[in-house]
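Novice: Got a structure for you, questions after.
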Amino acid sequence: MKWALVLVLMSGIWDSGLRFETYKECMVNGVKASFNNSRMRDEEKMFYDIDPDTRNDYQDTVKCVPSK
């Protein structure tokens with residue numbers, strides 16, 4: 001089973017088009033990469049450098065779900 005990286009926004013669910021072989025790959029590579037390319041990123045901070053509350057808020061928006 002593959003895992004899809006999706007964004008859960010107030011306007012709906014958006015498929016990023018990214019697919020990963022495992023849930024762990026999706027979370028580690030997909031969520032971190034998505035954050036690093038987002039507007040939330042401070043140029044000097046990486047995903048695990050931000051405070052836990054902000055990181056958790058971001059992870060509530062970006063999800064990994066089973067894909068066909």
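Novice: Evaluate the following for Asp53: is it open to solvent by 60 Å² or more (accessible area, probe 1.4 Å) and modelled with pLDDT under 75?
Specialist: So Asp53 fails the test.
Novice: So in region 1-13, with the set limited to residues that are closer than 14 Å to Thr61 by Cα and either surrounded by 11 or more Cβ atoms within 10 Å (Cβ to Cβ) or touching a helix residue (DSSP H, G or I) at 6+ places or on another chain (Cβ under 9 Å) (or both), which one is modelled with the highest pLDDT?
Specialist: Among those that are closer than 14 Å to Thr61 by Cα and either surrounded by 11 or more Cβ atoms within 10 Å (Cβ to Cβ) or touching a helix residue (DSSP H, G or I) at 6+ places or on another chain (Cβ under 9 Å) (or both), it is Ala4.
Novice: When both residues are 6+ apart or on different chains and their Cβ atoms are under 7 Å apart, which pairs have a first residue that lies in region 15-31 and is among the β-branched types (Val, Ile, Thr), and a second that is surrounded by 14 or more Cβ atoms within 10 Å (Cβ to Cβ)?
Specialist: These pairs meet every condition: Thr22/Trp3; Val31/Gln59; Val31/Val62.
The values are calculated or read from the model by the stated rules, or taken from the named source; none is laboratory data. On a predicted model such as this, the values are computed, not experimentally measured, just so you know. A quick note on method: Cβ atoms are made from the backbone with ideal geometry, for glycine too, and the neighbour counts reach across all protein chains shown. We work out accessible area using only protein heavy atoms, side chains counted, and drop any ligands, DNA or RNA first. Shrake-Rupley method; radii C 1.70, N 1.55, O 1.52, S 1.80 Å.
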